Amino acid sequence: MHLDVLDLRNFYYRSALGRAAQKVIRDQLVEWWPVPHVQGQTVAGYGFAVPLLRPYLAQARRVIGLMPGPQGVMPWPAGQPNVSVLCEETLWPIRTGQVDRLVLMHGLETSEHAGALLDECWRALGPGGRAVFVVPNRAGLWSRSDATPFGYGRPYSLGQLEAQLRGHRFVTERAISALYRPPSLRRGWRRSAALLEKAGRHMPVLNTGGVLMVEASKQVTAPTRPGLTSAVKRPLRVLEGIGAPVPEPSRRG
């Protein structure tokens with residue numbers, strides 16, 4: 001079940017914990033996709049991914065915020081022309097292959113049609129396009145607390161997410177866990193948040209951050225022409241067995 005857009009807005013824009021989570025995840029996304037690298041590209045976010053897309057507004061050719069109907073939609077970005085749109089979960093108002101970069105947050109784990117949603121992601125991405133999936137980490141603390149949006153929906157292990165993506169023709173490029181601080185507003189945790197995040201990134205074997213971030217690509221193999229190749233490799237041999245022509249005997253006596 002999708003969360004309500006007003007609850008998501010209040011968490012990410014009006015609470016200290018939500019703003020801190022937004023910064024950690026967005027900083028990791030920008031580290032993977034530096035802003036100059038998306039110049040002239042189409043960047044889309046599905047679910048409630050718009051807090052992560054703001055750095056790309058100035059450089060990307062187009063930024064689109066796709067928000068599913070059961071969640072609801074809000075205008076975004078504030079103070080600028082609206083780029084968010086309400087859409088069906090598995091029927092986006094986007095041409096096939098239109099998107100170069102795609103971000104999903106609070107979309108996959110809350111979907112009742114995860115397989116069809118991944119197929120729609122595949123359709124929207126162009127060949128070689130990249131997607132980042134942000135989901136609650138089954139091994140982390142954030143998925144065990146209903147004080148944050150990551151406490152709702154299906155949490156994933158890294159293996160589960162990679163297997164699901166692979167089953168829908170995505171190729172995993174890299175993965176990381178983030179949000180190592182507990183989902184608490186206590187002053188001690190707030191002061192140590194940066195240290196915990198840094199320590200967690202240097203010990204990736206733990207994978208105990210609150211969220212998993214997986215970057216996957218759409219790799220499309222070049223079409224082949226088996227008929228032509230077959231004709232070249234196996235030429236017809238209908239004339240085999242016919243001997244060389246024999247000259248006609250002379251009729252002169």
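The values are calculated or read from the model by the stated rules, or taken from the named source; none is laboratory data. As the structure is a prediction and not an experimental result, all values here were calculated from the model. Neighbour counts are summed over all protein chains in view; Cβ atoms, including those assigned to glycine, are modelled from backbone coordinates with ideal geometry. Remember, those area values only see protein heavy atoms, side chains included, never the ligands or the DNA or RNA. Shrake-Rupley method; radii C 1.70, N 1.55, O 1.52, S 1.80 Å.
Per-structure values
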{"item": "All-pairs Cα distance distribution in segment 51-153, expressed in whole percent, bin size 5 Å", "result": "2, 11, 19, 24, 21, 13, 7, 2"}
{"item": "Gain in span if fully extended, residue 116 to residue 145, counting 0.36 nm per residue against the direct Cα distance", "result": "7.6 nm"}
{"item": "Net lengthening on full extension, residue 7/residue 85 (0.36 nm per residue, minus Cα-Cα)", "result": "26.3 nm"}
{"item": "Accessible area per residue, Å², segment 9-89 with all protein chains present, probe 1.4 Å", "result": "43"}
{"item": "Residue 54-residue 163 FRET efficiency (beta carbon distance; Förster radius 35 Å; 0.05 resolution)", "result": "0.65"}
{"item": "Karplus 3J(HN,Hα) series, Hz, for segment 29-37 with 6.51 cos²θ - 1.76 cosθ + 1.60 (x for Gly, Pro)", "result": "4, 5, 5, 6, 10, x, 3, x, 6"}
{"item": "Fully extended contour minus Cα-Cα distance, from residue 19 to residue 219, at 0.36 nm per residue", "result": "68.6 nm"}
